[in-house]
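Take a look at the structure set out below.
The values are calculated or read from the model by the stated rules, or taken from the named source; none is laboratory data. Not measured: the values here are computed from a predicted model. These accessible areas exclude ligands, DNA and RNA; they are computed on the full protein's heavy atoms, side chains included. Shrake-Rupley method; radii C 1.70, N 1.55, O 1.52, S 1.80 Å.
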Amino acid sequence: MAKKQETVSLIDTFVEFKELKNIDRTTLISVLEESFRSVISKMFGTDENYDVIVNPDKGDLEIWRNREVVEDDALEDSNLQISLSEAKKIDPDYEVGEEVTDEVNFADFGRRAILNLRQTLVSKVLELQKDNIYNKYKDKVGQIVSAEVYQIWKKEILLLDDEETELLLPNSEKIPSDFYRKGDTVRAVVAQVENKNNNPKIILSRTSPVFLQRLFELEVPEIYDGLITIKKIARIPGERAKVAVQSYDDRIDPVGACVGVKGSRIHGIVRELRNENIDVVNYTDNISLFIQRALSPAKVSSIRLDEENHKAEVFLRPDEVSLAIGKGGYNIKLAGMLTEYTIDVFRELDDTEEEDDIYLDEFSDEIDSWIIEALKNVGCATAKEVLAAPRDVLIEKADLEEDTVDEILEILRAEFEE
């Protein structure tokens, strides 16, 4: 009786374990049967002559062994055969060649067998749990999830979802201004699900353009319903983003719908992204017009396209150049990412200025080529454009040393003084 109780107790333990790990009843029954068969097979070399019956209602199981009746002197394998004299003790009517089926108490196999069973069950249930986690999250790639900060490490944050599944938010996938403490709730998109050696690893991201797209879908019903489509997204996480939207219904203003009345819809997204500035622009297949919209708030005077090499030369009034480039160069960088064109901005000159001006390339014998390229990248292609630009703008936007800028200005001024 004690041995039977030990076996039943063993099953109860794993039924309880199943409840904790969210493994369904049918699957656990299958795991129990496989585990018992595995141990029996290791002990006797085969489990083919055993019937393992798990009773889900009573929470117990039965093990029945089938053996062939043989003459007493012909007994070779007591696991597959039973002697005639032993069979007749069970039922006097048994004859040689018949099959005897008797119930086996697993606990009779000994303590080692029970320990092996425990180890097998734990291994199988953990393997099942990992499979469940992988299957659950591989279908959630690209979706937003919420999780609680459990532990903060040097290179990543460990989070737990509602079922205490471990999720990882690497520092590289955090917005630079993100700061969390243990217990904080984090929203992020499932970026990647790995399953190396049956060890699922769920990677989250808050810097992915997909995260921004999902936030728009949550805040803007017209996007969720498919009335407005997000065509492209460009992000510099935590700093600025540009989103190109399109509506197939002329009655809907896609930009207005995304921003909302007095910015009501976009404000929630901006807060979630740590005050990341978001520009929403109308998408168009007209690449010239799209580049103009992407460079907003700057107003473009004219554009020269090189469609084969995906390059664009953009000309603006002098007071619009700094707007096109933007703080830290973010505006022109995002416009390039959004349109997939390399954009060079140039200050538009009137006819008088152009006649007297000199292209920077003419100074290649006095100014290093990389410095000339840096100046061109901030919209200064000529000597007068450089001289007209504020000194601090040249230092910050072109990323040049103060001494270098002063030396360049001196060279250019000398040219016109002559």
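Side notes on the structure shown:
- Residue-wise HN-Hα coupling along region 388-403, computed from phi with Karplus coefficients 6.51, -1.76, 1.60 (Hz; x: Gly, Pro): 7, 7, x, 4, 5, 5, 4, 5, 6, 6, 7, 6, 10, 5, 4, 4
- (1) 35.1; (2) 19.8; (3) 22.3, with the label sought being that of the calculated mean projected area of the Cα convex hull in nm²: (1)
- Between E348 and L316, R317, the built amide H atoms are under 5 Å apart, and every one of these is 5 or more places off in sequence or on another chain.
- Solvent-accessible heavy-atom area per residue, rounded to whole Å², over region 51-115 at 1.4 Å: 62 Å²
- For region 266-418: accessible area per residue (Å², 1.4 Å): 55 Å²
- Computed 3J(HN,Hα) for region 248-259, one whole-Hz value per residue from the Karplus formula 6.51 cos²θ - 1.76 cosθ + 1.60 where θ = phi - 60°, is 9, 10, 4, 7, 9, 8, x, 5, x, 5, 6, 6, glycine and proline marked x.
- With a 1.4 Å probe rolled over the protein heavy atoms of all chains, the accessible area of I411, I269 falls in the order I411, I269, largest first.
- Residue pairs, from the table K154/K201; K130/K231; K182/K262, whose Cα atoms sit over 28 Å apart: K130/K231; K182/K262
- Fraction of accessible area attributable to carbon and sulfur, the chain (%, probe 1.4 Å): 44 percent
- For the chain, the share of DSSP beta bridges that are antiparallel, to the nearest 5, is 75%.
- Residue-averaged 222 nm ellipticity for the chain, from DSSP H runs of 4+ at -39500 (n - 2.57), nearest 500: -12500 deg cm²/dmol
- Candidate residues F416, F363, F109: accessible-area rank, largest first, probe 1.4 Å: F416, F109, F363
- Residues of region 145-238: accessible area per residue with a 1.4 Å probe, Å²: 53 Å²
- Accessible area, probe 1.4 Å, largest first, for residues K89, K242: K89, K242
- The long axis of helix 330-339 is offset from the longest Cα principal axis of the chain by roughly 70 degrees.
- Per-residue ³J(HN,Hα) for region 35-47, Karplus 6.51 cos²θ - 1.76 cosθ + 1.60, θ = phi - 60°, Hz, x for Gly and Pro: 5, 4, 5, 4, 5, 4, 5, 5, 6, 10, x, 7, 10
- Measuring between alpha carbons in the structure, the pairs from K174/K299; K140/K174; K136/K327; K155/K196 lying more than 31 angstrom apart are K174/K299; K136/K327.
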